[in-house]
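Accompanying notes for the structure given below.
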Amino acid sequence: MSGAATNTPVLAAVQSTLASVLPDMPALSSDAAMATAVTYPFGVVGVILALAVMYNMIPQTIRQERDEFRAAYVAEFEVLKSSLCGHTVREIVQMTEKHFIISRIWRNEELLLPTSTTIIHEHDHLLVLCHQEEAEALGDFFGRRDDRQDWNRPDIDWNAVDARLNNKRIIITNPKLNGVKLGALKLRNKYSLNITRIDRAGVELLASPDLYLQTGDRLTVVGEAGALSQVEKLMGNSIEMLDKPRLVSFFLGLCLGCLVGSIPLMIPGMSVPLQLGLAGGPIVVGILIGAYGPRFHLATFMTNSATQLIKQIGIVLYLAGLGLSSGAGFVDTLLRGDGLLWMGVGAIITVVPVALVGLFNLFVLRRNFAETAGILCGTMANPFALDYVVELTESRTSSIAYATVYPVGIFVRIISAQIMLLLFL
């Protein structure tokens, strides 16, 4: 299962459990490593083959439907509801549970940059950032949606919309802002500008007063040139500062992860406590630090090149260690032992779940291919298949779906593998 699902933490957890339950039988741990080595190659290739066949079988509409992930969707609305007229932007935002940002206001051909105290008039045209699925409901809330202009096309020049207002991306590199709530800066009232989008590690977020800022966040800011210059100094916007990896938080996370991985988890009916292991523990701690670290002013940003280097080194070291531990008997096991049987069972474990879950997600839940493929790559812990899917679909949806389900898939398999092991020993 570890090799077929290319899930290395499972192997580490199983070997740790075997060493605890049967310390006098080290051969079992070697057999686990050998079975992983035999099934791992097809575990990588099998998912890619299954996704390639699935991609060519499904209709063209399913391939492209909602192909691009967008947290921030831009729509134009005309204010026709009298209940909104005469109220400020702050008051209107509080009238609905929908989350949106009013970026610009057209009033009698004049373009305004709204603040929280700007009063809305009837027939104002509002440029609003919202979640795409809420755009229709917001059209009913404001009065009417104006679809004459496509504000989401990729080639739109925002700086050409109005010469007075500039659209600029500013990177947060000021360490004092790490972990600070966006609303605490009061940028709209102090500088008369709007933050429309926040890009965090490739994921686009809607600006919210309760959002905790992190070092490395890329903010899309709309305002006059002078105000943008002041905010740029406040936030740092120094790309050179991001070139230095935050090794303290990285190694702190590794140490805490090893401690968490060694904590025994008692499950009723099991004679031996389960553990997340040295692979599962750091994953859990990494998620927690990524989510809550900035609130304690812990800088967690690492450049994409540094992240990729660490990931590739980890994979290479793992494969090298796996090869060294199983290489001596690999050929004999493959040709004379149970190697062919292991390969067959591994192929079933790899292909069948991918095919069944993929088809269910596509045709029953009506999800698009990019999202489905990302989910499958995440549950199978297969970054190689993810690279293939990203190149095939040219969509960020796959990477976001992969990152969302990967931790859950790792955790479930680590626990389930140890439970099965204890049940059948």
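The values are calculated or read from the model by the stated rules, or taken from the named source; none is laboratory data. Since this is a predicted model, take the numbers as computed values, not measurements. Quick reminder, even Gly has a Cβ in these numbers, built from the backbone with ideal geometry, and neighbours come from all protein chains shown. Heads up: the accessible areas ignore ligands, DNA and RNA and are worked out on the full protein's heavy atoms, side chains in. Shrake-Rupley method; radii C 1.70, N 1.55, O 1.52, S 1.80 Å.
If I filter the stretch 350-401 down to residues being open to solvent by 40 Å² or more (accessible area, probe 1.4 Å) and aromatic (Phe, Trp, Tyr), which single residue comes out as nearest to MET1 (Cα to Cα)?
Of everything passing the filter in the stretch 350-401, PHE384 is nearest to MET1 (Cα to Cα).
Which of the residues spanning the stretch 239-272 are in a loop (DSSP other than H, G, I, E, B) and either buried (at least 16 other Cβ atoms within 10 Å of the Cβ) or over 25 Å from the mean Cα position of the chain (by Cα) (or both)?
PRO245, ARG246, SER262, ILE263, PRO264, MET266, ILE267, PRO268, GLY269, MET270, SER271, VAL272 - these are the residues of the stretch 239-272 that are in a loop (DSSP other than H, G, I, E, B) and either buried (at least 16 other Cβ atoms within 10 Å of the Cβ) or over 25 Å from the mean Cα position of the chain (by Cα) (or both).
Each row is one residue, and each column tells you yes or no for (1) open to solvent by 80 Å² or more (accessible area, probe 1.4 Å); (2) in a loop (DSSP other than H, G, I, E, B); (3) aromatic (Phe, Trp, Tyr); (4) at pLDDT 85 or above.
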{"site": "PRO154", "(1), (2), (3), (4)": "yes, yes, no, no"}
{"site": "ASP162", "(1), (2), (3), (4)": "no, yes, no, no"}
{"site": "ILE170", "(1), (2), (3), (4)": "no, no, no, yes"}
{"site": "LYS176", "(1), (2), (3), (4)": "yes, no, no, yes"}
{"site": "ALA184", "(1), (2), (3), (4)": "no, no, no, yes"}
{"site": "ARG197", "(1), (2), (3), (4)": "no, no, no, no"}
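Take the residues of the stretch 273-296 that are open to solvent by 30 Å² or more (accessible area, probe 1.4 Å) and outside any helix (DSSP H, G or I): which is farthest from VAL260 (Cα to Cα)?
Among those that are open to solvent by 30 Å² or more (accessible area, probe 1.4 Å) and outside any helix (DSSP H, G or I), it is PRO273.
Say whether the condition of being β-branched (Val, Ile, Thr) and touching a residue at least 24 places away in the same chain (Cβ under 8 Å) is met by at least one residue in the stretch 188-199. So that I can check it myself, show each step before the final result.
Here is the first cut: in the stretch 188-199, the residues β-branched (Val, Ile, Thr) are 195-196, 198.
Now drop any that are not touching a residue at least 24 places away in the same chain (Cβ under 8 Å), which leaves 195-196.
Within the stretch 188-199 (the criterion being β-branched (Val, Ile, Thr) and touching a residue at least 24 places away in the same chain (Cβ under 8 Å)), the answer is yes, since at least one residue qualifies.
Could you give every pair whose Cβ atoms fall below 8 Å, whose first residue belongs to the stretch 145-158 and is over 17 Å from THR196 (Cβ atoms), and whose second residue is open to solvent by 90 Å² or more (accessible area, probe 1.4 Å) and at pLDDT 85 or above, counting only separations of at least 6 or pairs across chains?
Qualifying pairs under 8 Å: ARG145/GLU136.
Which residue out of ALA291, ALA381 is more than 30 Å from LEU182 (Cβ to Cβ), within 15 Å of the chain's Cα centre (by Cα) and of a type in the set (Gly, Ala, Ser)?
Residue meeting the stated conditions: ALA381.
Looking at this structure, is ALA13 closer than 25 Å to LEU265 by Cα and surrounded by fewer than 17 Cβ atoms within 10 Å (Cβ to Cβ)?
no
Tell me, yes or no, whether the stretch 342-349 has at least one residue that is open to solvent by 50 Å² or more (accessible area, probe 1.4 Å) and either farther than 20 Å from MET380 by Cβ or modelled with pLDDT under 80 (or both).
no
Scan ALA299, ALA320 and give me the residue that is open to solvent by less than 90 Å² (accessible area, probe 1.4 Å), under 28 Å from the mean Cα position of the chain (by Cα) and of a type in the set (A, V, I, L, M, F, W, C).
Numbers: ALA320 fails: under 28 Å from the mean Cα position of the chain (by Cα).
Result: ALA299 is the single residue among ALA299, ALA320 that is open to solvent by less than 90 Å² (accessible area, probe 1.4 Å), under 28 Å from the mean Cα position of the chain (by Cα) and of a type in the set (A, V, I, L, M, F, W, C).
Tell me the strands (runs of 3 or more DSSP E) entirely within the stretch 65-152 that contain at least 1 residues that are farther than 30 Å from SER399 by Cα, among the small types (Gly, Ala, Ser) and open to solvent by less than 60 Å² (accessible area, probe 1.4 Å).
Correct list: 143-146.
Pick out the one residue from LEU425, LEU376, LEU359, LEU365 that is modelled with pLDDT of 85 or more, within 30 Å of GLN15 (Cα to Cα) and out of contact with any Phe, Trp or Tyr (no Cβ under 7 Å at 6 or more places or on another chain).
LEU376
For the stretch 381-423, how many residues are within 19 Å of GLY277 (Cβ to Cβ) and hydrophobic (A, V, I, L, M, F, W, C)?
The qualifying residues number 13.
Failed condition for VAL221, given (1) over 30 Å from GLN15 (Cα atoms); (2) touching a residue at least 60 places away in the same chain (Cβ under 8 Å), with all others met?
VAL221 satisfies all of (1) over 30 Å from GLN15 (Cα atoms); (2) touching a residue at least 60 places away in the same chain (Cβ under 8 Å) except (2).
Among the numbered conditions (1) modelled with pLDDT of 85 or more; (2) open to solvent by 20 Å² or more (accessible area, probe 1.4 Å); (3) over 25 Å from the mean Cα position of the chain (by Cα), tell me where VAL231 comes up short.
(2)
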